1. If we scan region 57-65, do we find a residue that is in a strand (DSSP E or B) and farther than 30 Å from residue 189 by Cα?
2. Look through 52, 74, 61 and report the one residue that is touching a strand residue (DSSP E or B) at 6+ places or on another chain (Cβ under 7 Å), more than 30 Å from residue 192 (Cβ to Cβ) and free of Cβ contacts under 8 Å to residues at least 60 places away in the same chain.
3. Please verify whether residue 98 is within 18 Å of the chain's Cα centre (by Cα), closer than 19 Å to residue 153 by Cα and free of Cβ contacts under 8 Å to residues at least 24 places away in the same chain, treating the condition exactly as stated.
4. Only one of these conditions is not met by residue 43: (1) surrounded by 14 or more Cβ atoms within 10 Å (Cβ to Cβ); (2) assigned to a loop (DSSP other than H, G, I, E, B). Which number is it?
5. Specify the residue that is surrounded by the most Cβ atoms within 10 Å (Cβ to Cβ); the eligible residues are those in region 95-118 that are out of contact with any helix residue (DSSP H, G or I) (no Cβ under 6 Å at 6 or more places or on another chain) and more than 16 Å from residue 179 (Cα to Cα).
6. Could you tell me whether residue 91 is within 17 Å of the chain's Cα centre (by Cα), surrounded by 21 or more Cβ atoms within 10 Å (Cβ to Cβ) and over 21 Å from residue 11 (Cα atoms)?
Amino acid sequence: MLTVPGVYQPQQDTHLLMRAMCHEGVSPGTEVLDLGTGSGVLALCAARFGARVTAVDIAWRAVLAARANALFARRRIRVLHGDLAGDDRRYDLVVSNPPYVPAPEIAPPERGAARSWDAGHDGRAVVDRICATAPLVLAPQGVLLMVHSALCGTDDTLAALARGGLRAEVTDRELIPFGPVMRARLPWLRDTGIVGRDQDKEELVVIRAEHA
């Protein structure tokens, strides 16, 4: 896997989402959309099962990295530069590991490595948009799998998906130590009450949604 500076590197959240994706019975002919593909690791995983994969990222550096990784792996993946879905197709499986880290800045960054994790004060700048987009891009029996930190509001995500007519639930959880980004902004996170005074771990959740 080619890694590129400034492109999100696969971490615990990536592997948690990959595990969930492998439980969905991806097979030849499955139409898969990877929103915010980064280096393309999830797209490649789906392609290895024979799926027809579309991967989208708003960062050109990520698009080029994903295209290169697909080429090196000899897998056919349609990698698009764009914001969220990018076209009018419907998909059997939509996967996303979006930016979700709460940040002191109100608006998410428009460039740089932090673009792949910073998501506004509440961490929901991209998560909420995916919740709104998912009902429009899922096939009738399609499934959305999204991973994010519980710090940005698991119940808020479930409620947002329900408002869009999707039945959603948490299917996996994992408690992990704070990484470098979270540790660097702990004073702000604690001052705002997002993180408890003695808290040194965050819970990652995988949310699965489908049409009700």
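1. no
2. 52
3. It is false that residue 98 is within 18 Å of the chain's Cα centre (by Cα), closer than 19 Å to residue 153 by Cα and free of Cβ contacts under 8 Å to residues at least 24 places away in the same chain.
4. Failing condition for residue 43: (2).
5. For region 95-118, the residue satisfying everything is 115.
6. Considered against the rule, which asks whether it is within 17 Å of the chain's Cα centre (by Cα), surrounded by 21 or more Cβ atoms within 10 Å (Cβ to Cβ) and over 21 Å from residue 11 (Cα atoms), residue 91 comes out as yes.
Let's see how each residue does on (1) crowded, with 22+ Cβ neighbours inside 10 Å; (2) in a helix (DSSP H, G or I); (3) of a type in the set (A, V, I, L, M); (4) at pLDDT 95 or above:
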position	(1), (2), (3), (4)
16	no, yes, yes, yes
53	yes, no, yes, yes
75	no, no, no, yes
79	yes, no, yes, yes
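Each row is one residue, and each column tells you yes or no for (1) closer than 23 Å to residue 91 by Cα; (2) out of contact with any Ser or Thr (no Cβ under 8 Å at 6 or more places or on another chain); (3) acidic (Asp, Glu).
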position	(1), (2), (3)
127	yes, no, no
133	yes, yes, no
149	no, yes, no
165	yes, yes, no
177	no, yes, no
186	no, yes, no
193	no, yes, no
199	no, yes, no
208	yes, no, no
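The values are calculated or read from the model by the stated rules, or taken from the named source; none is laboratory data. Bear in mind the structure is a predicted one, so any value in this text is a computation, not a measurement. Ideal geometry is used to build each Cβ from the backbone, glycine not excepted, and the neighbour counts take in all protein chains shown.
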